Amino acid sequence: MCGIIGYCGHRPAVPVLVEGLRRLEYRGYDSAGVGFLHTDGLRVIKAKGKLCELEKTLARENVLNATSGIGHTRWATHGEPNEANAHPHVDHTGRLAMIHNGIIENYQEIKQELQAKGVTFQSDTDTEVLLNLISHCLAEDGDMLQAMSRALGRVEGAYAIAVFDAENPGVVHAARVASPLVLGAGTGENFLASDIPAFLPYTRDVVFLEDGELVRMDASSWEVFRVEDLRPVEKMVDTITWDVQAAQKGGHKHFMIKEIFEQPKVIQDCLCGRLGTDLDEVRLPELDDLPGTPKRIHVVACGTSYHAGLWGMYLLEQWARIPVQVEIASEFRYRNPILDPDTLVIAISQSGETADTLAGIKLARSQGLKVLGLCNVVGSSVARESDAVLYTQAGPEISVASTKAMCSQLTALLLLALYWGHGNGNLDEKIHRDVVHGLRNLPDLLESTLPALRDKAHELARTFSDVNSFLYLGRGLHYPLALEGALKLKEISYIHAEGYAAGEMKHGPIALIDPKFPTFAIAPDDELFPKVKSNLVEVQARSGQIVALTNVGLDLDVPHRWDVPRATGPLSTFLALPALQLFAYEVADYLGKDVDQPRNLAKSVTVE
């Protein structure tokens, strides 16, 4: 979740560091800082709050002479958000500065050992403990690589770190385990970052660092070693094809609204090369490394990706007749699940760096299961840890609240259900043909529908922006959408919302219904519409207000009816989803919330 940037080169380092941190703001943070070597020695400047607070302090300093350094945006895990706990941290000797993403689980034990040796601490963080452990080892070994190898061999947990040594100016050392870290290889300059956009204006050549690897870089060279024994590692340089413009707002007020309106293109890009010229053909060559149609599937995911997995379960079971179990990754990794060797694990993660999902992958592989990664970021940890990868092709998603990424995940899951259902003969040929044909037309349908959806969302937001709670209801495929709609509303507007399977309403939630507790129902024209309608009659009998997302011509009498165009079967989801997202967006924007960076949240959850 924290943003990491390191630089060694020929440019003034501090502006490069701050610019890189700005491109990582989407990850969420509560403080920021930079460290560099100046004429008067090692300097660390940091501030609580947004980058603008750090920039105010930097504006009063002479920082242009430094040509190497490290920068960080912190999302608090140990210690409250304040300047003392912000990164970079400096060791007790004043020689080393370090930034860190992750959690050191045994830091208390190590801290007690160091305190017994006279080390004092200035913060409440696990990061300062690890830094002083490295400092202690450096004092004994006299070599930074040896010191880092020995210190990192002691720690338990997750980390991506970058260390700056005042006695070796122009050199940055870094290492990673279970937290993202990439190297940008430039000409006369090199970069380290937690994500590629931080240095993309300067180089497209990227080296993906693996767990247990350590890198030493200066302006003209870089080397990678194994942390365990410092053996050199040969690394391949990859070239990134997308550019910084893909991460700009494009004239929209927020990244979130821009990304909602990008969903037609997202669907088109996800389908590209995967639908043959023959309407009956779905091509997924990415699955060639897997042993045919799975007998059983475990989906492992978190948050929005978990909701996508629930949605996919309905189609995979209905069309491909494959039993599917959808798991919250943070539960799956600790409950000692019983896993059949014939089970395929599908790990869903937008960033490809979600810590709990990665742990689920490792658990599955330790028991001999094959893993299919379904993620958005090429070269991410999920992609590298999986046996096969189905990239969702959503492009960079900047807003913390995920929108277009879920759209792409649903598209990919739909393709999987079509592919396996058609391949094993369980999917009716007419359904297959109609859905594939509908998929081809879906981007244009959604493109033409989005403006009207936003207008209606804008109208409804004014009506319901003053409520304290919302109940979201759906059945079948639309139950996961109810969960996602509720999640979006509470994520960005801070209004309490709960998603429920509509049939469960009478088993408890109906007690909450009154004129001040509105219900948002997803009620399209499908086989479960009569059931949802009955649930809404029960809400109306208790004077509850209702917003109903439905289709023209359906017999549904509610005061806030929201008609959307019809689409073939499950493709109606792709019209309902942006409506839910737009409603949450318009409410949050009307209330003046920080839509793209909601409080306490981060884009990529790389710690437990």
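Brief remarks on what is shown
- Among the residues listed as Leu42, Leu54, Leu24, the single one being buried (at least 23 other Cβ atoms within 10 Å of the Cβ), farther than 18 Å from Ser194 by Cα and not charged (D, E, K, R): Leu54
- Pairs are defined by a Cβ separation below 7 Å, a sequence spacing of at least 6 or placement on different chains, a first member in segment 196-207 that is in contact (Cβ under 8 Å) with a residue 60 or more places away in the chain, and a second member that is of a type in the set (D, E, K, R) and part of a strand (DSSP E or B); the pairs so defined are Val206/Asp238.
- Helices (runs of 4 or more DSSP H) (entirely within segment 284-378) containing at least 3 residues that are out of contact with any Cys (no Cβ under 8 Å at 6 or more places or on another chain) and small (Gly, Ala, Ser): 303-319, 355-366
- Condition check for Ala97: surrounded by 24 or more Cβ atoms within 10 Å (Cβ to Cβ) and in contact with a Lys or Arg (Cβ under 6 Å, 6 or more places away or on another chain): no
- Those residues of segment 91-105 which are out of contact with any strand residue (DSSP E or B) (no Cβ under 7 Å at 6 or more places or on another chain) and not charged (D, E, K, R), in sequence order: His92, Thr93
- Which listed residue, of Ala383, Ala412, Ala417, is outside any loop (DSSP other than H, G, I, E, B) and surrounded by fewer than 24 Cβ atoms within 10 Å (Cβ to Cβ): Ala383
- Which listed residue is within 18 Å of Val389 (Cα to Cα) and in the same structural domain as Leu580 (by TED's automatic domain parsing), from Leu339, Leu271: Leu271
- Strands (runs of 3 or more DSSP E) contained entirely in segment 151-257, each with at least 2 residues that are within 22 Å of Leu138 (Cβ to Cβ) and β-branched (Val, Ile, Thr): 157-165, 172-177
- On the stretch given as segment 1-36, residues that are farther than 17 Å from Phe191 by Cβ and either more than 29 Å from the chain's Cα centre (by Cα) or modelled with pLDDT of 95 or more (or both) total 2.
- Filtered residues of segment 287-309 (kept if among the polar types (S, T, N, Q) and surrounded by fewer than 24 Cβ atoms within 10 Å (Cβ to Cβ)): Thr293, Thr304
- Segment 310-345, subset surrounded by fewer than 18 Cβ atoms within 10 Å (Cβ to Cβ) and acidic (Asp, Glu), residue modelled with the highest pLDDT: Glu317
- Set side by side, the residues Val90, Val119 differ, and just one is at pLDDT 95 or above, under 24 Å from Gly153 (Cα atoms), in contact with a Gly (Cβ under 8 Å, 6 or more places away or on another chain) and β-branched (Val, Ile, Thr), which is Val90.
- Filter result for the condition that a residue is in a strand (DSSP E or B), among the polar types (S, T, N, Q) and either buried (at least 23 other Cβ atoms within 10 Å of the Cβ) or in the same structural domain as His173 (by TED's automatic domain parsing) (or both), over Thr77, Thr73: Thr73
- Test: residue in segment 268-283 that is in a strand (DSSP E or B) and in contact with a strand residue (DSSP E or B) (Cβ under 9 Å, 6 or more places away or on another chain): yes
- Every residue from segment 409-437 that is within 17 Å of the chain's Cα centre (by Cα) and either aromatic (Phe, Trp, Tyr) or under 13 Å from Ser351 (Cα atoms) (or both): Gln409
- Residues of segment 345-380 that are of a type in the set (S, T, N, Q) and within 12 Å of the chain's Cα centre (by Cα): Ser349, Gln350, Ser351, Thr354, Thr357, Asn376, Ser380.
The values are calculated or read from the model by the stated rules, or taken from the named source; none is laboratory data. Treat the numbers as computed from the prediction; the structure is a model and nothing was measured. Positions of Cβ are generated from backbone atoms using ideal geometry, with glycine treated the same way; all protein chains shown enter the neighbour counts.
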